[in-house]
Amino acid sequence: MKKNISTFIFLVVFIPLFSVTVDGYAYLEEETNHSGIEVYFQRVAPDTLFSSTVYTDSIGYYTSIVDGGWYHIEYRNSGFISADTTDVGLYSDQTLSDQTLLIEGLSGSISGTLTAGEYNITGSLTVETGDSLIIEPGVTLNFDTDTELIVNGYLKAEGTEEDTIYFNAKTDNWVGITVNRPSSGTLIKYCSINRTNTEGHAISIKNLYGINIENTEINTLGSGILVESRTCSIEYVKINCISYTFPEHPTGLEGYGTNISMKNCEINNYKYGMQIFETEIVIENSFLSSATYMGMYSWGGSVKIYNVTFRTDIETVENTMLYVRNSYISGTILNGGSVSVINSNVSGSYENCGTIIGTIVTTNANGDPCDAYGNISMDPMFVDAENGDFRLQSTSPCIDAGTNTITDYEFPIGDLDDNYRIWDGDGNGSDIVDMGAYEYDSHSTSINNEQFTIENHTLEQNYPNPFNPETTISYSLLNNAQVNLKVYDIAGREVCSLVDQKQNKGLHEIKFNGSNLTSGIYFYRLSVDGEAVSNRKMMLLK
């Protein structure tokens with residue numbers, strides 16, 4: 001009997017016999033609601049037949065059941081840079097690592113106009129040769145690691161006193177702003193540049209044309225401004241080093257083979273306030289401080305100093321021509337070229353300045369001992385130098401001790417505070433300029449406050465600024481109103497409420513003490529009858 005033998009052909013297909021539960025968290029940068037992030041699972045081994053999509057809830061949590069295997073996982077949300085992970089083995093229940101999606105930002109070539117708003121810079125921005133970039137008031141640029149703004153064309157970053165333009169370091173290694181051979185007329189005005197990189201400069205100017213930097217504040221751990229251009233005008237600029245932990249030679253302002261005009265500026269807490277090489281520079285109505293070393297070092301060129309307050313030494317070498325008028329130097333003048341010092345107050349000594357300068361032989365119009373050029377060596381009697389107030393007390397020998405006659409020089413109308421520069425400080429009937437950056441008692445008829453009337457609610461800049469640990473905040477009210485004045489840290493967290501009550505119209509001021517706070521930048525905001533009036537920035541330096 002013949003048997004029928006059936007042949008069975010088996011088709012073997014690998015079918016996973018198990019599933020796993022996966023969960024985790026994904027976040028949207030700078031958001032509090034993290035819902036809607038797409039989490040996409042694509043299996044890549046042993047095959048690609050399985051995929052799954054889930055979405056996060058408001059706190060960023062997600063969970064999914066997937067077939068076992070190796071996966072590629074993507075995290076997506078509109079307006080944010082996608083993130084992914086590859087070769088993730090999912091063969092058991094597990095919680096995945098947290099993911100944060102960064103705000104989609106700007107990078108590459110840029111031109112045109114940036115309107116008010118906040119922008120994240122995820123790659124270096126370049127204004128190409130022949131192109132223009134206009135940055136309008138109210139713009140905030142947040143720079144990621146190793147990014148910079150490179151200007152090869154024309155830049156106009158012009159904010160307003162009420163609406164500053166901010167250049168902020170989002171990480172420790174933002175490079176800064178580099179200006180390379182731009183079009184003539186490049187302007188940086190009413191800007192705030194905040195940088196925590198200890199290397200390089202916040203602004204590097206390397207071009208054949210002029211550039212103006214005005215009404216701008218630079219806060220940095222490294223150096224401030226580097227100038228290697230034909231001309232540079234710097235007015236109402238404040239450069240602060242926000243830490244006493246310095247790199248090798250941090251410098252507020254460096255100049256190489258250039259011509260610089262510097263007026264009404266402040267440089268605070270640097271190893272070198274300034275380093276100048278083969279540069280022609282005129283400095284007036286300014287304050288320069290060095291925390292550890294030297295106020296200014298100059299090699300070659302000429303340095304002309306009018307009504308400047310130096311907190312440390314000045315050193316010149318190799319044929320520098322140094323002219324000092326109506327200034328205060330808390331330290332020594334170390335001269336290596338030619339020097340002319342007239343009607344100034346030098347608390348230290350004169351080295352290599354000849355036998356006449358600094359040798360007391362007579363008295364000046366105030367009856368104080370001086371040399372043949374009217375130079376004195378006395379305590380300037382600042383109001384509170386330890387806390388940054390370098391105005392003069394009524395007993396200061398610097399009052400009416402300057403000279404109003406300087407060849408080829410026209411005095412500015414105002415001092416560092418925009419109060420009248422030439423003023424009868426001692427009340428003897430003669431309007432004589434004081435020594436240093438501030439004119440005593442001229443604020444009573446200030447350029448800005450003369451015939452002062454309140455036309456609106458206003459919030460003034462705190463004084464002193466930077467401060468340690470106390471500062472005064474002033475504001476004016478057009479009418480009786482409910483007033484709220486609060487202080488915030490740089491992350492926007494409320495630090496304290498200074499005022500929360502109804503107040504009468506007129507001028508008001510209040511003290512703010514930061515003794516329990518760390519050094520850094522803070523903001524204070526005035527609201528009147530529930531409406532925001534203004535906010536300003538202040539710096540605590542301990």
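Yes/no matrix, rows are residues, columns are (1) at pLDDT 95 or above; (2) of a type in the set (Phe, Trp, Tyr):
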| residue | (1), (2) |
| --- | --- |
| ARG325 | yes, no |
| TYR328 | yes, yes |
| VAL341 | yes, no |
| SER347 | no, no |
| THR363 | yes, no |
| ILE376 | yes, no |
| PHE382 | no, yes |
| PHE390 | no, yes |
| THR395 | no, no |
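When the stretch 16-41 is filtered for residues that are over 43 Å from the mean Cα position of the chain (by Cα) and surrounded by 16 or more Cβ atoms within 10 Å (Cβ to Cβ), the ones remaining, listed by number, are PRO16, VAL20, VAL22, PHE41.
In the set (1) surrounded by fewer than 19 Cβ atoms within 10 Å (Cβ to Cβ); (2) closer than 22 Å to SER204 by Cα; (3) not polar (S, T, N, Q), ASP98 fails one condition alone, (2). Considering LEU477, LEU526, LEU541, the condition of being surrounded by 14 or more Cβ atoms within 10 Å (Cβ to Cβ), touching a strand residue (DSSP E or B) at 6+ places or on another chain (Cβ under 9 Å), within 19 Å of CYS241 (Cα to Cα) and of a type in the set (A, V, I, L, M, F, W, C) is satisfied by LEU541 alone.
State whether the residues of the stretch 527-534 include one that is within 11 Å of LEU459 (Cα to Cα), modelled with pLDDT under 85 and not aliphatic (A, V, I, L, M). Yes, the stretch 527-534 contains at least one residue that is within 11 Å of LEU459 (Cα to Cα), modelled with pLDDT under 85 and not aliphatic (A, V, I, L, M).
Screening THR332 against (1) surrounded by 22 or more Cβ atoms within 10 Å (Cβ to Cβ); (2) within 27 Å of TYR373 (Cα to Cα) leaves a single unmet condition, (1).
When the residues of the stretch 112-138 are filtered to those that are in contact (Cβ under 8 Å) with a residue 40 or more places away in the chain and of a type in the set (Ser, Thr, Tyr), the one that is farthest from GLU29 (Cα to Cα) is THR129.
Among the residues of the stretch 82-130, those that are within 26 Å of ARG181 (Cα to Cα) and of a type in the set (Ser, Thr, Tyr) comprise SER107, SER109, SER111, THR113, THR115, TYR119, THR122, SER124, THR126, THR129.
Is it the case that ASP93 is in contact (Cβ under 8 Å) with a residue 40 or more places away in the chain, out of contact with any Cys (no Cβ under 9 Å at 6 or more places or on another chain), of a type in the set (D, E, K, R) and buried (at least 17 other Cβ atoms within 10 Å of the Cβ)? Considered against the rule, which asks whether it is in contact (Cβ under 8 Å) with a residue 40 or more places away in the chain, out of contact with any Cys (no Cβ under 9 Å at 6 or more places or on another chain), of a type in the set (D, E, K, R) and buried (at least 17 other Cβ atoms within 10 Å of the Cβ), ASP93 comes out as no. Candidates GLU450, GLU386, GLU439: the one that is modelled with pLDDT under 85, under 25 Å from MET538 (Cβ atoms) and not hydroxyl-bearing (Ser, Thr, Tyr) is GLU386.
A quick yes/no check of all residues on (1) within 27 Å of ALA401 (Cα to Cα); (2) touching a residue at least 60 places away in the same chain (Cβ under 8 Å); (3) crowded, with 24+ Cβ neighbours inside 10 Å; (4) of a type outside the set (S, T, N, Q):
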{"site": "SER223", "(1), (2), (3), (4)": "no, no, yes, no"}
{"site": "ILE283", "(1), (2), (3), (4)": "yes, no, yes, yes"}
{"site": "LEU288", "(1), (2), (3), (4)": "yes, no, yes, yes"}
{"site": "ILE305", "(1), (2), (3), (4)": "yes, no, yes, yes"}
{"site": "PHE310", "(1), (2), (3), (4)": "yes, no, yes, yes"}
{"site": "GLU315", "(1), (2), (3), (4)": "yes, no, no, yes"}
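Residue count for the stretch 368-420 under the criterion of being among the β-branched types (Val, Ile, Thr), surrounded by fewer than 17 Cβ atoms within 10 Å (Cβ to Cβ) and not in a loop (DSSP other than H, G, I, E, B): the result is 1.
The set of residues in the stretch 305-359 that are over 32 Å from the mean Cα position of the chain (by Cα) and aromatic (Phe, Trp, Tyr) contains only TYR350.
Taking the options ASP144, ASP172, ASP163, name whichever one is crowded, with 17+ Cβ neighbours inside 10 Å and either within 19 Å of SER223 (Cβ to Cβ) or not hydrophobic (A, V, I, L, M, F, W, C) (or both). Spell out how you get there, then give the answer.
Details: ASP172 fails: crowded, with 17+ Cβ neighbours inside 10 Å; ASP163 fails: crowded, with 17+ Cβ neighbours inside 10 Å.
Only one candidate passes the filter, namely ASP144.
Please report, ordered by residue number, the strands (runs of 3 or more DSSP E) entirely within the stretch 12-108 with at least 1 residues that are modelled with pLDDT of 95 or more and closer than 25 Å to ALA491 by Cα.
19-28, 61-67
The residue that is farthest from ASN465 (Cα to Cα), counting only those in the stretch 510-530 that are within 24 Å of the chain's Cα centre (by Cα) and small (Gly, Ala, Ser), is SER515.
The values are calculated or read from the model by the stated rules, or taken from the named source; none is laboratory data. Worth saying up front: this structure is predicted, and the values here are computed from it rather than measured. No Cβ is skipped: glycine too gets one built from the backbone with ideal geometry, and neighbour counts run over all protein chains shown.
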